[in-house]
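Visitor: Quick one: structure below, then a few questions.
The values are calculated or read from the model by the stated rules, or taken from the named source; none is laboratory data. As the structure is a computational prediction, the values presented were derived from the model and not from experiment. When we count neighbours, we look across all protein chains shown, and the Cβ atoms used for this are built from the backbone with ideal geometry, even at glycine.
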Amino acid sequence: MLARRMTDGDAATGGGRPPRAWTVLTGGRSASDEALVVDFLRGETRAFGELVRRHQQLVQALVRRYASRPDDVADLAQASFLRAFAAARRSLARLERGEPGLFRAWLVRIAVNVGKNHVRDSARWRFEDASVLGEAPSIGPDPAASLERTEQRRRVRAAMTRLSTRQREVVSLRVDGALPFREVARALGITENNAKVHFHHAVKRLRAAMEGGEG
Amino acid sequence: MSGQGLGCQEVEPLLAERASGPLEPEQAAALERHLAGCLACRAAAERDRRLFALLALPPPGPEEEAALRTLPERALAAWHGAEGRRRKARAAVVAAAVLLAVALPLGRWKATQPELAAGEAADSADELSQVEWSAPAWDPDEGAPADEDTPFLDALALEGDGAFSLGDSG
């Protein structure tokens, strides 16, 4: 639960300004992301930790796709949060209006961009080779089936690299972030219908690749 | 969606959506009802499940998890570090702006000084030539000029020096 109260310093702010409120975090479920960001930017540092904890799994899931090494994941996640807070500071008025989901949409979009920039800088794309995150070829009781699965994975990931950037982004937000299409669309600045169209075009090619076609 | 439930054609796109992430609760319920009675769509659903399993990344390893456990604290420290640098950079910009605000008018003022000096020098030269021209025509043979002329000439010499020294410095 979250309660709002005045700090001792509020009286000191005086003048014609509204009193400065901050959020006491005791669970955080009832405070919106936007309210927490505003609290943080007004000096309540605990709101920062609460927001990071709230979204770090999502951000981690999104940036892992672009990480070159396991160590990169935390760095990319951190960079995403810092940029999202910096963006929030520039658009404080919008946040104060309480536009729901705004911060999360920024965060998702920024995480994807941070990942893409990292890939551009390191000139590699993670769909093709996920081994850097500790993935080993699975050898089950049926070696022939395991080999076939490994080959399918290679073909599907290769097909991912041949998709358009937008298709890849939609698939990645869906697979890695498990986001509803409404959120995928908002993060990418497209309509929900458009997001689904990109998704289904991509799926057709990926299915063909899995079944041994070109993809 | 009809009152009869979803047909196979309507279900086909939902299969990949279901395999890749969440569906709207109503859609999910209608899809489950259809799959319960349709073998072909269940096979297609299994194909899409395998497809997205191939795309999924492996779960995070212990090293990755450990790094992420401390993310809130590290990110906050990084934010404060960046804020400190930002404040310093802003202070440097303000200082530079103040310096410019002071230096620009001073520079402009100084830039006008050589012209003044040159003008003054020219004036002095004119005066000197006039002095020579209008100098009392005493007879050298008659000795030094009269005492009352000396202060005037001394003052003129000082004035000339002053003008040239200004011109030199500019």
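Visitor: Starting from segment B:45-71, take each residue that is within 13 Å of A:R153 (Cα to Cα) and list its partners that are among the polar types (S, T, N, Q), counting only C-beta distances under 6 angstrom and pairs at least six apart or across chains.
Guide: Taking only residues 6 or more apart or on different chains, the pairs are B:F52/B:S20; B:L54/A:Q152.
Visitor: I'm checking my understanding of the structure. Among residues of segment B:8-33 that are under 50 Å from the mean Cα position of the chain (by Cα) and assigned to a helix (DSSP H, G or I), which one is surrounded by the fewest Cβ atoms within 10 Å (Cβ to Cβ)?
Guide: Restricting to residues being under 50 Å from the mean Cα position of the chain (by Cα) and assigned to a helix (DSSP H, G or I), the top hit is B:P25.
Visitor: Would you pick out the residues in segment B:62-83 that are more than 7 Å from chain A (Cβ to nearest Cβ) and hydrophobic (A, V, I, L, M, F, W, C)?
Guide: Just the residues of segment B:62-83 that are more than 7 Å from chain A (Cβ to nearest Cβ), to begin with: B:62, B:65-66, B:69-70, B:73, B:77, B:80-81, B:83.
Residues satisfying the conditions are B:A66, B:A77.
Visitor: Go through A:A74, A:A67 for me and flag whichever is modelled with pLDDT of 90 or more and outside the structural domain of A:G177 (by TED's automatic domain parsing).
Guide: Among A:A74, A:A67, only A:A74 is modelled with pLDDT of 90 or more and outside the structural domain of A:G177 (by TED's automatic domain parsing).
Visitor: If I filter segment B:102-125 for residues that are at pLDDT 90 or above, surrounded by 12 or more Cβ atoms within 10 Å (Cβ to Cβ) and touching a Leu at 6+ places or on another chain (Cβ under 9 Å), do I get at least one hit?
Guide: Within segment B:102-125, not a single residue is at pLDDT 90 or above, surrounded by 12 or more Cβ atoms within 10 Å (Cβ to Cβ) and touching a Leu at 6+ places or on another chain (Cβ under 9 Å).
The rows are residues; the columns are (1) within 13 Å of chain B (Cβ to nearest Cβ); (2) at pLDDT 90 or above; (3) in contact with a Pro (Cβ under 7 Å, 6 or more places away or on another chain).
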position: A:T150; (1), (2), (3): yes, no, yes
position: A:A158; (1), (2), (3): yes, yes, no
position: A:R162; (1), (2), (3): no, yes, no
position: A:S172; (1), (2), (3): yes, yes, no
position: A:R182; (1), (2), (3): yes, yes, no
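Visitor: Please state which one of A:R89, A:R42, A:R64, A:R53 is more than 9 Å from every other protein chain (Cβ to nearest Cβ), touching a helix residue (DSSP H, G or I) at 6+ places or on another chain (Cβ under 9 Å) and not hydrophobic (A, V, I, L, M, F, W, C).
Guide: A:R89
Visitor: Looking at this structure, is A:G189 touching a residue at least 60 places away in the same chain (Cβ under 8 Å), surrounded by fewer than 18 Cβ atoms within 10 Å (Cβ to Cβ) and either among the hydroxyl-bearing types (S, T, Y) or not assigned by TED's automatic domain parsing to the domain that holds A:L58 (or both)?
Guide: It is true that A:G189 is touching a residue at least 60 places away in the same chain (Cβ under 8 Å), surrounded by fewer than 18 Cβ atoms within 10 Å (Cβ to Cβ) and either among the hydroxyl-bearing types (S, T, Y) or not assigned by TED's automatic domain parsing to the domain that holds A:L58 (or both).
Visitor: Any residue that is among the hydrophobic types (A, V, I, L, M, F, W, C) and surrounded by fewer than 21 Cβ atoms within 10 Å (Cβ to Cβ) - is there at least one of those in segment A:165-174?
Guide: No, the conditions are met nowhere in segment A:165-174.
Visitor: Only residues that are under 16 Å from the mean Cα position of the chain (by Cα) and not in a helix (DSSP H, G or I): list them for segment A:184-199, please.
Guide: The answer is A:G189, and nothing else.
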